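Below: one structure, written as structure tokens.
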Amino acid sequence: MNLLVFYILAILAAGSAIMVVTMKNIFHSALFLVLTFFSVAGIYVLLNAEFLAAVQVLIYVGAITILMIFAIMLTHQLFSRSLRQVNEQVIPASLITFIFFVLSVVALAKTAWPVSGGQLPEDRIFEIGKLLMSEYVIPFEVVSVVLLVALVGAIIIGRREKSGDTK
Amino acid sequence: MDYSLLIPEVVLFVWALVLLLYNASAKTENPRAIGLFALIGLVAAFVILWFVPDGSLFGKTFISDTYARGFKMIFLLAAIVTVIGSVDFASKHMKHTGEFYSLIMLCVTGMMFLASAGELISLYVALELSTISLYILAAFLKKDLKSTEAGLKYLILGAASSGILLYGLSLLYGLTGSTVLDEIGYRLFLNEGTTIAAVFAIVMFVAGFGFKLAAAPFHMWAPDVYEGAPTPVTAFLSVASKAAGLVAFVRLFFNSLLAIKPEWVVIVEIVAILAMVVGNVVALLQKNIKRMLAYSSIAQVGYVLVALSAGIDLSVTSMMIFLLAYLFANIGAFIVVIAFSNATGSDNIEDYSGLWKRKPSLAIVMTIYMLSLVGIPLTGGFIAKYFLFGAAVKEGLYTLVVIAILTSVISLFYYMNVVRIMMFRPAPSADKIALPWMIKLGLAISVIMVLLIGIWPGPFYAWGQLASTIFHF
Amino acid sequence: MAPLANYLVLAAILFALGVWGVLRNRNALIIFMCIELMLNAVNLTFMGFSAYLNDYSGQVFVFLIMAVAAAEVAVGLAIIVSIFRHKENVNVDEINVMKW
């Protein structure tokens, strides 16, 4: 049962990821991206990581794709024309990707991973919170600085300046 | 736990916040005062850094050792010299100077955390803090399409390379079950024989760091970003972002992956050769001085990789000396570019003709920087190259050293081309070029340091050697 | 739970698709989406290992990667909007990863 759900989600994720890459209309790409993010969140639930699944939905679906759709609406005449989305190097790009993919699958499959295969205990959110506040408190604080920097940068760069300014 | 280890970073961060808040409340902008304020913060952090002891916090998430502090000095010095040289540029071309300087300080904060990162999560997050600040800084002149496009290119390739790097990190985590660098090294050492996944992860690391270092064949963003970004940002980027890439690269490869050194040496050697050849040959064709310096920086990173593929303690020592000499020579050269383009509005190498007539001192200091970048004796660049190639010779990497020396000879042409144009071409106009005192100060500091490292390398060698003692070869 | 290899191979597929998209597309926004695909693949790998290693640090890593990704996207979209003010499309040919 678990395996079946995994395969459904996996096919959904991979299939919509293909659509994201190949769609002519950028808005459709964004919608398929949402589907991919949801399927990946579902897989997190299968891995007993409900907290990260919720965060995935909140950040990726709720923030990132919404931001992207805003940007699309600000910068594109929607649905008006389907633009050529592909650059001149499709064939070498596809070739490189294919070789890379085969190599990565070989590398992943040929390796005996030193894993135990057990279940993470209950109280998972508590454990993550404890780690964030003890061992990993420095990266946690640094991430808050990253967000501050992004905030400042997005305002400075995105803001419309008064016209007539030459600087 | 000794939280005093964090004081330099905290001082810098708080200083940047104060600058942001002050700037948000101030009615008018005074770029000079803001620049000086930022400078005081950076110098204060630099002074405090001398008194920080050894130690580590939260397991190994934050390590303060001689290596980390050596690199922190490099980052702070790069920022200090850049800020000194940029005040004039900022008051002329920029809005939001308060945000500009606080972003530089936050970027340095990220790099300092990166230097101290002893564990993958803090390494990644600190790396992102420094690079995201740099994306914004590259796109800072938003009225200038070139600058905005430079920011976008840098961001796209930077984000993609972070993704590649992270994929490698995730495989390393799966192989060892730990995110602590020492622990990873220990477990890789215990594992009998290397797995194909480890080699795959190494390829990802080299590609990811290759982008950050702008080493060929991952250099394609560098010329455009160097050309498009505001010149002070280019100056900072060319030195600090390379140093940031190197600090993490060396910590990861010499601390965690030393057990599987035979697997990565070949890959690093290939990248080193490509970087030296591509950088030096393509630099010959450049008309724009910022692009020329971009390709030269690609070549310079190749020389460092030559030393690093030796994988001995002299590699680390020589890298530290190189970064210090390169810092002053390269940022100094960019300050000359700032001064020249402020006066004439041009970045073309041809327009430098007759600079000797228009401002002799500017031509002389530029010549010294160029000589140092070539590696002529009595300059810091010579000492740096001597030790870099010495490390490779010590390990018997003669082919690499021969290629490095041959490509150095090629580099003589394009560096000396600038000198030839400045000294021997007739000046297009007799207008003198005036230098503001901040720019004079920046130029003076860099020239003195370049010559000091070249003439009296002893203390700098000792400093570099101290940094290499933390690795167990 | 499904065997670990399933998660890893799915992640490899997503990652390769992301790389493919970054290399072949010329629209900056789609390239961004493909970078997000790459990061999702990385996250999936981390989550798989974390679950099978009984170790939480992988999950902490994923959490922080997500936060950083959001920051990166915010900056990137601000830059795209700023470029769009200069010229009326984002299909700049310079956004062609292998050409430069």
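The values are calculated or read from the model by the stated rules, or taken from the named source; none is laboratory data. Just so you know, these numbers come straight off a predicted model, no measurement behind them. Here the Cβ positions follow ideal geometry from the backbone for every residue, glycine too, while neighbour counts run over all protein chains shown.
Looking at B:307, B:339, can you tell me which residue is crowded, with 23+ Cβ neighbours inside 10 Å, in contact with a Ser or Thr (Cβ under 7 Å, 6 or more places away or on another chain) and of a type in the set (A, V, I, L, M)? Before the answer, list the steps.
Working: B:339 fails: in contact with a Ser or Thr (Cβ under 7 Å, 6 or more places away or on another chain).
Checking each option against the conditions leaves just B:307.
Residues in region C:16-47 that are part of a helix (DSSP H, G or I) and facing chain A (nearest Cβ under 7 Å): 17 in all. Residues in region A:51-73 that are in contact (Cβ under 8 Å) with a residue 40 or more places away in the chain and not aliphatic (A, V, I, L, M): A:51 alone. Every condition in (1) among the polar types (S, T, N, Q); (2) surrounded by fewer than 24 Cβ atoms within 10 Å (Cβ to Cβ); (3) modelled with pLDDT of 90 or more holds for residue B:91 except the one numbered (3).
Filtering B:45, B:33, B:16 for residues that are among the small types (Gly, Ala, Ser) and either surrounded by fewer than 19 Cβ atoms within 10 Å (Cβ to Cβ) or without any contact (Cβ under 8 Å) to a residue 12 or more places away in the chain (or both) leaves a single hit, B:33.
When you look at residue A:64, is it facing another protein chain (nearest Cβ under 7 Å), buried (at least 19 other Cβ atoms within 10 Å of the Cβ), within 21 Å of residue C:41 (Cα to Cα) and modelled with pLDDT of 90 or more, yes or no? Give the steps one after another, and end with the answer.
On the way: facing another protein chain (nearest Cβ under 7 Å): yes; buried (at least 19 other Cβ atoms within 10 Å of the Cβ): yes; within 21 Å of residue C:41 (Cα to Cα): yes; modelled with pLDDT of 90 or more: yes.
So residue A:64 fits the description; yes.
What do you reckon, is residue A:48 over 13 Å from the mean Cα position of the chain (by Cα), surrounded by fewer than 23 Cβ atoms within 10 Å (Cβ to Cβ), at the interface with chain C (Cβ under 9 Å from one of its Cβ atoms) and modelled with pLDDT under 90? So residue A:48 passes the test.
Is it fair to say residue B:75 is assigned to a helix (DSSP H, G or I), aromatic (Phe, Trp, Tyr) and under 26 Å from residue B:345 (Cβ atoms)? Step through it out loud before you land on a result.
Details: assigned to a helix (DSSP H, G or I): yes; aromatic (Phe, Trp, Tyr): yes; under 26 Å from residue B:345 (Cβ atoms): no.
When the stated conditions are applied, residue B:75 does not pass them.
Here region B:252-300 is the region considered, the condition is being over 16 Å from residue B:373 (Cβ atoms) and basic (Lys, Arg), and the residue that is surrounded by the fewest Cβ atoms within 10 Å (Cβ to Cβ) is B:287.
On the given criteria, is residue A:5 touching a strand residue (DSSP E or B) at 6+ places or on another chain (Cβ under 9 Å) and at pLDDT below 95? Taking the combined requirement at face value, the residue does not satisfy it. Among the residues of region C:53-67, some residue qualifies, meaning at least one is crowded, with 24+ Cβ neighbours inside 10 Å, touching a residue at least 24 places away in the same chain (Cβ under 8 Å) and more than 7 Å from chain A (Cβ to nearest Cβ).
In the set B:239, B:225, only one residue is within 14 Å of another protein chain (Cβ to nearest Cβ), within 30 Å of residue B:352 (Cα to Cα), part of a helix (DSSP H, G or I) and in contact with a Phe, Trp or Tyr (Cβ under 8 Å, 6 or more places away or on another chain); that residue is B:225. Filtering region B:81-88 for residues that are more than 20 Å from residue B:106 (Cα to Cα) and in contact with a helix residue (DSSP H, G or I) (Cβ under 7 Å, 6 or more places away or on another chain) leaves a non-empty set. Scanning region B:194-220 for residues that are within 22 Å of residue B:347 (Cα to Cα) and surrounded by fewer than 22 Cβ atoms within 10 Å (Cβ to Cβ) yields a single hit, B:220.
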